[in-house]
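Engineer: Take this structure, written in structure tokens, and hold onto it; I'll ask about it next.
Throughout, read-outs are computed from the coordinates displayed, never taken from laboratory work. None of these values were measured; they are calculated from a predicted model. Neighbour counts run over all protein chains shown; Cβ positions are idealised from the backbone, glycine included.
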């Protein structure tokens with residue numbers, strides 16, 4: 001009994017203790033999401049506004065981050081491009097987490113052959129690298145926004161399902177689950193009202209890390225020309241379009257878009273890890 | 001915790017009946033891998049058969065007669081059911097025949113051969129970088145308190161840098177501004193190729209290397225904190241000896257798994273790097289073939305990527321069983 005109270009106390013302390021990394025990364029993530037929502041309005045120029053006379057300029061008073069080879073404002077393209085860069089990954093994470101949760105909880109709850117079948121299926125899915133799935137999807141659905149969204153959703157399901165399954169298996173072994181079963185509560189309501197509610201923080205932490213990874217993967221598909229198509233402003237497209245400019249000594253478009261991607265991935269990775277650590281400690 | 005609930009009498013009985021021993025365990029792993037490749041290849045084949053585009057008009061051009069089209073369709077077996085077509089493709093593929101490319105009008109095998117060499121050279125160079133630098137930095141970060149924070153910050157950043165962003169930065173700095181390396185292509189001859197592939201290999205190894213470093217550091221730190229290590233330190237046994245004999249040896253298994261996973265993903269990762277550096281490897285060929293609806297090439301390259309992935313992960317699985325006495329005894 002004494003041990004239990006000590007545990008609760010430390011958990012509460014951990015909960016109260018400030019975590020500067022958590023605060024900083026959460027702020028960055030919120031700012032990035034804000035840019036994704038209103039970046040188009042903040043942009044000083046239209047993202048597709050061509051100004052040949054101002055082509056390939058370095059950073060200056062008129063174009064803070066310079067222009068690309070067509071004279072489009074790099075800052076405006078990066079700000080406006082945030083929307084598309086985030087939209088795809090957001091759909092990917094939503095889809096894969098929802099489907100992964102369903103698969104994981106079902107596998108954990110029923111166990112047995114269903115669990116084994118799902119495990120085999122997930123193993124096969126693990127064996128096909130994500131970028132290959134995206135390439136094949138673009139062959140089937142045509143290059144564009146949706147091919148990588150569909151492909152990467154499929155690719156991320158096994159990761160989500162596996163993590164959530166193991167958490168749900170742990171939860172299922174708790175005494176309260178058996179109690180509820182004996183009390184005649186249905187499986188569906190035990191899972192949705194109790195198991196999922198306790199696994200929820202883990203899902204949030206995982207989805208946060210997943211968003212950063214998905215953003216990098218989604219941009220990579222656009223970069224190889226099979227995702228979002230130019231001239232649309234999207235960070236992967238920008239890095240790709242900037243390749244020729246790099247050779248001419250004007251790397252601003254590629255580097256700015258690349259930096260946006262790296263900052264986003266780092267922010268969401270750190271936030272997800274800090275959330276996982278906090279929820280883990282609070283349990 | 002899970003072990004006690006897992007071992008039900010029925011499972012224990014089944015385990016007793018199942019053929020045991022190390023050979024059986026390896027055989028199961030290999031059969032499982034083959035089944036995985038087979039399933040994945042079927043899914044890829046079926047998915048691509050849904051792709052739009054008519055191979056006959058690609059092959060014969062828009063002005064072909066209807067008779068010629070019908071004959072070509074029959075020749076390619078396009079009217080057969082999916083399973084029959086898959087069976088034909090599979091039996092041919094097992095004999096190394098992948099058909100003829102629609103756009104190049106050449107055997108897929110001759111198309112892939114030299115490009116596969118380029119890709120494998122790139123992957124091998126990246127693999128050496130990942131294993132040597134990744135594990136080296138990981139051990140440093142796991143052992144030294146002074147370097148631990150630096151290494152963990154560097155890996156946090158490294159993991160977040162996608163290969164294509166790393167490629168752009170490397171080209172901009174080392175190829176364009178400093179002019180140390182070529183910006184484009186894979187070169188001719190071994191030495192020239194290696195020189196051309198230095199930056200691509202670096203770009204390819206940043207993310208995976210950071211991942212290996214992170215896991216190595218974590219594994220080493222965990223082993224270094226174990227009771228027998230602390231006791232050995234207290235007894236005054238030289239640190240180097242403890243490190244070599246107790247810490248690194250026990251940390252080797254998770255490190256091997258992490259490196260194996262990283263290396264397995266390299267061929268797929270090479271695709272993006274080849275696009276970024278204009279290298280004519282199988283990844284670039286795959287992307288070009290998807291755009292050109294050249295499905296025999298797409299299927300063949302996809303199969304190669306999956307096979308490499310599964311073979312590498314299987315080798316790691318088997319090596320783990322062979323190297324770890326605990327797993328050997330459990331088998």
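Engineer: If you take the alpha carbon radius of gyration of the range B:111-330 and divide it by 2.2 N^0.38 Å, what ratio comes out, to two decimals? If you can, show how the numbers build up before the last one.
Structural biologist: Details: Rg = 19.9 Å, N = 220, 2.2 N^0.38 = 17.1 Å.
With N residues counted in the range B:111-330, Rg over 2.2 N^0.38 Å equals 1.16.
Engineer: At each listed q (0.24 Å⁻¹), what is the log10 of I(q)/I(0) that the Debye formula gives for the range B:97-169 modelled as equal alpha-carbon point scatterers?
Structural biologist: -1.07
Engineer: How far is helix A:196-223 tilted off the main Cα axis of chain A, in degrees rounded to 10, range 0 to 90?
Structural biologist: 20 degrees
Engineer: Given a Förster radius of 56 Å and the C-beta distance between residue B:54 and residue B:180 as r, what FRET efficiency does 1/(1 + (r/R0)^6) yield to the nearest 0.05?
Structural biologist: Details: r = 48 Å, r/R0 = 0.86.
Given R0 = 56 Å and the Cβ-Cβ separation, E is 0.70.
Engineer: What is the P(r) of the range A:199-246, as percent of Cα-Cα pairs per 10 Å bin from 0?
Structural biologist: Histogramming the range A:199-246 at 10 Å steps yields 27, 37, 21, 13, 2 percent.
Engineer: Hey, another quick one. Relative contact order for the range B:111-330 using alpha-carbon pairs under 8 Å, separation at least 6, rounded to a whole percent? Walk me through the intermediate numbers first.
Structural biologist: Numbers: 267 pairs, mean separation 58.3, N = 220.
In percent, rounded to a whole number, it is 27.
Engineer: Please compute, for peptide B:194-200, the average count of beta-carbon atoms on other protein chains lying within 10 Å of each residue's beta-carbon. Walk me through the intermediate numbers first.
Structural biologist: Values: counts 0, 0, 0, 0, 0, 0, 0.
Per residue, the average neighbour count from other chains is 0.
Engineer: If you bin the C-alpha pair distances of the range A:42-174 every 5 Å from 0, what whole percents do you get?
Structural biologist: Spelled out per bin, shortest first, that is 2, 10, 14, 13, 11, 10, 10, 8, 6, 5, 5, 3, 1, 0.
Engineer: Per-residue Cβ counts within 10 Å, from other chains only, averaged over B:26-39: what number is that?
Structural biologist: 2
Engineer: Could you work out how far helix B:108-129 tilts from the main Cα principal axis of chain B, as a 0 to 90 degree angle to the nearest 10?
Structural biologist: Between the helix axis and the principal axis of chain B, the angle is about 20 degrees.
Engineer: Quantify how strongly other chains surround peptide A:135-146 by giving the mean number of their Cβ atoms within 10 Å of each of its Cβ atoms. Walk me through the intermediate numbers first.
Structural biologist: Working: counts 11, 10, 3, 4, 17, 7, 4, 3, 2, 0, 0, 0.
Mean inter-chain Cβ contacts per residue within 10 Å come to 5.
Engineer: Counting only the backbone N, which residues of the range A:145-182 are under 15 Å from the spot 7 Å out from the Cα of residue A:194 toward its beta-carbon?
Structural biologist: From the range A:145-182, the list is A:168-182.
Engineer: Would you mind giving the average projected area, over all directions, of the Cα convex hull of the range A:240-283 in nm² with one decimal? Intermediate values should be presented prior to the final figure.
Structural biologist: Numbers: hull surface 12.7 nm².
Averaged projected hull area, Cα only: 3.2 nm².
Engineer: Further question on the same structure: Debye calculation, C-alpha points only, no solvent: report log10 I(q)/I(0) for chain A at q = 0.06, 0.11, 0.13, 0.15 Å⁻¹, in the same order as the q values.
Structural biologist: Relative scattering, expressed as log10 I(q)/I(0), comes to -0.26, -0.74, -0.93, -1.11.
Engineer: Evaluate E = 1/(1 + (r/R0)^6) for residue B:24 and residue A:53, where r is the Cβ-Cβ distance and R0 equals 56 Å; express this FRET efficiency to the nearest 0.05. Intermediate values should be presented prior to the final figure.
Structural biologist: Working: r = 74 Å, r/R0 = 1.33.
E between residue B:24 and residue A:53, to the nearest 0.05, is 0.15.
Engineer: Another question about this same structure. At 222 nm, what helix-only mean residue ellipticity would the protein assembly as shown give, in deg cm²/dmol to the nearest 500, using -39500 (n - 2.57) for each DSSP H run of four or more? Mind showing how you got there, number by number?
Structural biologist: Values: 28 runs with 462 residues, N = 614.
Rounded to the nearest 500, the figure is -25000 deg cm²/dmol.
Engineer: Taking the highest mean first, how do the peptides B:251-259, B:267-275 order by number of other beta carbon atoms within 10 angstrom per residue?
Structural biologist: Values: B:251-259: 20.2, B:267-275: 26.1.
Ranked by mean Cβ neighbours within 10 Å, highest first: B:267-275, B:251-259.
Engineer: Taking just the C-alpha trace of the range A:160-270, give me its Rg and Dmax in Å.
Structural biologist: Looking at the range A:160-270, its Cα Rg and Dmax stand at 21.9, 73 Å.
Engineer: A further question on this structure: For the range B:82-110, list residues with backbone N below 17 Å from a point placed 7 Å from the Cα of residue B:46 toward its Cβ?
Structural biologist: From the range B:82-110, the list is B:82-90.
Engineer: State, to one decimal in nm², a quarter of the convex hull surface area for the C-alpha atoms of the protein assembly as shown, i.e. the direction-averaged projected area. Walk me through the intermediate numbers first.
Structural biologist: On the way: hull surface 139.7 nm².
Averaged projected hull area, Cα only: 34.9 nm².
Engineer: Highest mean first, how do A:63-69, A:155-161, B:110-116 rank when packing is the count of other Cβ atoms within 10 Å averaged over residues? Let's see the in-between values first.
Structural biologist: On the way: A:63-69: 21.0, A:155-161: 23.9, B:110-116: 16.9.
Those peptides, ordered most packed to least, come out A:155-161, A:63-69, B:110-116.
Engineer: Have a look at B:317, B:280, B:54 and tell me which one the Gaussian network model of chain B (Cα, springs below 10 Å) gives the largest fluctuation.
Structural biologist: B:54
Engineer: Follow-up question, since we're still on this one. For chain A, find the longest principal axis of its Cα atoms and tell me its angle to the long axis of helix A:2-16, 0 to 90°, nearest 10.
Structural biologist: The two axes meet at around 20 degrees.
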